[in-house]
Amino acid sequence: MSSGFRPAFLHTAPGGLPHTSAIEALSLLRSVAPTVLSCPRLPRRSANERAFVQAMQGFPGLVSRADDTRILVERADLEARLEHLGLAYLSRQNSIAALDADYSVALGELLRQAELRARPTIVTYHLPGPVSLGLHLTDDQQRPLMYDEELFEAMVQYLALRMSWLSARLSTAADQVVIMLHEPFLSALDSPFSPLGWQDALDLLDRVANDAGGDVWLNIGNYTPENWPDLLQTSLSGLAFNTVQLVHLTQIPAELRQFCERGGVLIWRLVPTEHEAAVQHATVEHMAAEIDQTLAQMDAAGLPTEQIVQASLISPTNELDHLSVPTAEQALRMGAALSALLRERYQLAPTLPL
């Protein structure tokens, strides 16, 4: 669980931004979310920074092309390389999963700035989770890796080592490192054709979180699982949710209260960023009123407002790399303004001026 940091309605950004300059992207993020600073992906700068490519760069047999959304693993001549990966995993040699500089220019720039700029309390790095990776990546027969026991196990090992390597590298740039895993494809587990069940997914998330050697938060997209209590009882130290999912969370107040008491962080995916118009029509006042109403409902359900406020972090609903640069910046400044308003309203320490 977490080190005890309480965000108290601070603001954080997602992983993907539409910018092409790491310096400009980090300058923006330091102005709108300096305490919980995200290390951004810049897929418009290079196809190498697409989420699934970046997460698995260097994996044995991986093939990706800039003009193709598919990412596949060629099976030929992999035996020795997979064995080498397995040995590295067992001995925790995370250098085998080092991320090449061209696959994350913001990482290199963030580390370069570490001794020159104010040190954030937390740096977050966003990666796809093991279930979604296992469904998105395929072998050379177009079969998802999740259906190949050997390749899927190797992929999970590689993800854990990548997370561990990132945590170690970023530890020089912040007091605490958080890996935010994104699992947009969890609904596939409901299919009778899925080789994994819900408990298998929980075990995988627990496993990579423990192997990472740091804090791991989870964003499950818009999926609403039936077994929220099981998710709250894993070793994950943060959970991102939308307003629909929040309704279900308020139905299990005891488990949610225990999660917060263990130091868990609640990431409110509230600033609408699904498309350009959603950002343009959003207002800080409306979002603040929505939070006030939700907190009142949670308090009535047995979740003390003060406890929830201290555990809460404000975030956009989605990644921002699909938006124009001005609209993405507008969304982030709106989130920062919402954070400042809430921290004033609930008598928390003031945030930095925008």
Using a simple charge model, +1 on the beta-carbon of Lys and Arg, -1 on the beta-carbon of Asp and Glu, nothing else, what dipole does region 10-345 show about its Cα centre, in debye to the nearest 20?
980
With each label point set 7 Å from Cα along the Cα-Cβ vector, what nm distance links Arg143 and Thr243?
4.5
Relative to the longest principal axis of the C-alpha atoms of the chain, give the angle of the C-alpha long axis of helix 79-90, reported between 0 and 90° and rounded to the nearest 10°.
40
For the charge dipole of the chain, defined by +1 on Lys and Arg C-beta atoms and -1 on Asp and Glu C-beta atoms about the Cα centroid, which residue among His286, Leu82, Ala98 has the Cα displaced farthest towards the positive pole?
His286
At what distance in angstrom do the alpha carbon centres of region 331-348 and region 106-176 lie from each other?
30
Expected vector for region 178-187, Karplus 3J(HN,Hα) from phi with 6.51, -1.76, 1.60 and θ = phi - 60°, integer Hz, x for Gly and Pro, equals 10, 9, 9, 8, 10, 10, x, 10, 4, 4
How large is the dipole of region 35-96 about the Cα centre if only Lys and Arg carry +1 and Asp and Glu carry -1, each at its Cβ, rounded to the nearest 20 debye?
340
Tell me, Val284, Val309, Val271 in order of fewest to most beta-carbon neighbours within 10 Å?
Val284, Val309, Val271
Equivalent ellipsoid dimensions for region 51-171 as semi-axes, Å, which come from the Cα gyration tensor, largest first
27, 16, 12
Rounded to the nearest 5, what % of DSSP beta bridges with both residues in the chain are antiparallel?
15
Taking R0 as 51 Å and r as the Cβ-Cβ distance between Ala76 and Thr121, the FRET efficiency 1/(1 + (r/R0)^6), rounded to the nearest 0.05, comes to 0.65
By the gyration tensor of its Cα atoms, with a ≥ b ≥ c the square roots of the eigenvalues, what is the shape of region 98-249: rounded for a/c under 1.5, prolate for a/b over b/c, or oblate?
oblate
Evaluate E = 1/(1 + (r/R0)^6) for Ala300 and Tyr223, where r is the Cβ-Cβ distance and R0 equals 45 Å; express this FRET efficiency to the nearest 0.05.
0.95
Take every Cα-Cα distance within the chain, group them into 10 Å bins from 0 onward, and report for each bin the whole-number percent of pairs it holds.
5, 25, 35, 25, 8, 1, 0
With just the Cα atoms defining each centre, how far is region 1-74 from region 217-260? Give it in Å.
24
What does the extension gain come out to for Asp200 and Glu24, with contour length at 0.36 nm per residue minus their alpha carbon separation?
59.3 nm
Taking the chain and counting helices only, DSSP H stretches of n ≥ 4 at -39,500 (n - 2.57) each over all residues, the nearest-500 ellipticity at 222 nm comes to -13000 deg cm²/dmol
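Since every read-out is calculated from the coordinates, none of them should be taken as a lab result. All of these numbers come straight from a predicted model, not from anything done at the bench. Reconstructed Cβ throughout: ideal geometry from the backbone, glycine too, with neighbour counts over all protein chains shown.
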